[in-house]
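As structure tokens, the structure follows; a few thoughts come after it.
Where a number appears in this text, it was derived from the coordinates with a stated rule and is not lab data. The shown structure was predicted, so the numbers you read here are calculated from the model rather than taken from an experiment. When we count neighbours, we look across all protein chains shown, and the Cβ atoms used for this are built from the backbone with ideal geometry, even at glycine.
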Amino acid sequence: MKLGDPAQPGTKLVFSTPPLKNGATLSGPISATIHARSSNTNLRLIAKLYDVAPGGNAELFSTGVVLGSQQMPDPDLTWKNAAGTPIWPWPKLDRDTYLEPGRIYQFNVPFDPQHRALLPGHKLRLELTTQTPASICPEVAVPAANNNDVCRMTAPQAATLPGGKYTILYGPGHPSALAPAATALQGPCRGSKRSCAIAATTKGKLHHTARLGEVIPPIELLS
């Protein structure tokens, strides 16, 4: 990926689960763990979660952002699950600590907490970009709306972000993953020994299942 408007080639990565047969309810904090390296001393990733209907209509419902130079987590404020996975990373934001170009880092991206029902047949889509579209944040003039979209750079960001090229690593050895909120699946289980489960996969590859009322483990990002 490279730093640039998401309408340009090479500025976006997209990961999707297959349709959720029984649907699901997301409730609580959400995070993504991204293993990546940058060609310069900083990095910016904008992560967006979509609820995608069977017909293809996608509704954005949560957004997260990480800046490489300010990604150091506060261990006292970061929420973790029983496995130690950050489910709501809380960065210190007290100073810039710049990256070593070419070195692989683990970046924890916090999303807005949610309580949302995913209907049967819908799927989750994660989009990673590096910049807000110019239609929302033009290079000059006043932005169209004052919301939580990342817009213009600060002076230190303008000195370290432009020209950056990012490599996102996933799969064996670099388990980049989406950690959904605590999830209860819709629909009753049929039979005491049969699990009412959701298969969390990416592009047809199975990673795990979660029974009714359990927490879904991280959904690994795979090619």
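Annotation: peptides 57-65, 29-37, ranked by per-residue average of other Cβ atoms within 10 Å with the highest first, follow the order 29-37, 57-65. Couplings for the stretch 39-47, taken from phi via the Karplus curve 6.51 cos²θ - 1.76 cosθ + 1.60 with θ = phi - 60°, read 7, 10, 8, 8, 7, 9, 10, 10, 10 Hz in order; Gly and Pro are left as x.
According to the square roots a ≥ b ≥ c of the eigenvalues of the Cα gyration tensor, what is the shape class of the stretch 64-137, taking rounded for a/c under 1.5, prolate for a/b larger than b/c otherwise, and oblate for the remainder? Taking the square roots of the gyration eigenvalues as a ≥ b ≥ c, the stretch 64-137 is oblate. Mean sequence separation of contacting Cα pairs (under 8 Å, at least six apart), scaled by the length of the stretch 58-178, corresponds to a relative contact order of 19 percent. Anisotropy class assigned to the stretch 99-178 is oblate, per the alpha carbon gyration tensor with a/c at or over the 1.5 cut-off and a/b no larger than b/c.
The trypsin sites (Lys or Arg not before Pro) of the stretch 84-162 meeting both criteria, a DSSP state outside H, G, I, E and B (loop) and at most 16 other C-beta atoms within 10 angstrom of the site's C-beta, are K92, R95, R103, R152.
In order along the stretch 90-99, phi translates into HN-Hα couplings of 10, x, 5, 6, 9, 6, 8, 10, 7, 8 Hz, rounded to whole numbers, per the Karplus curve 6.51 cos²θ - 1.76 cosθ + 1.60 with θ = phi - 60° and x for Gly and Pro. Residues whose amide H comes within less than 5 Å of that of W79, counting only those at least five positions distant or on another chain, are I87, W88, W90 (H built at 1.01 Å from N in the peptide plane). The label-point distance for S16 and I104, in a model that sets each label 7 Å from Cα toward Cβ, rounds to 2.8 nm.
3J(HN,Hα) couplings calculated from phi for the stretch 21-32 with the Karplus curve 6.51 cos²θ - 1.76 cosθ + 1.60 (θ = phi - 60°) are, in sequence order, 4, 9, x, 6, 10, 8, 9, x, x, 9, 8, 10 Hz; Gly and Pro show x.
When the pairs K2/K80; K48/K80; K123/K165 are compared against a 27 Å limit on Cα-Cα distance, K2/K80; K123/K165 fall above it.
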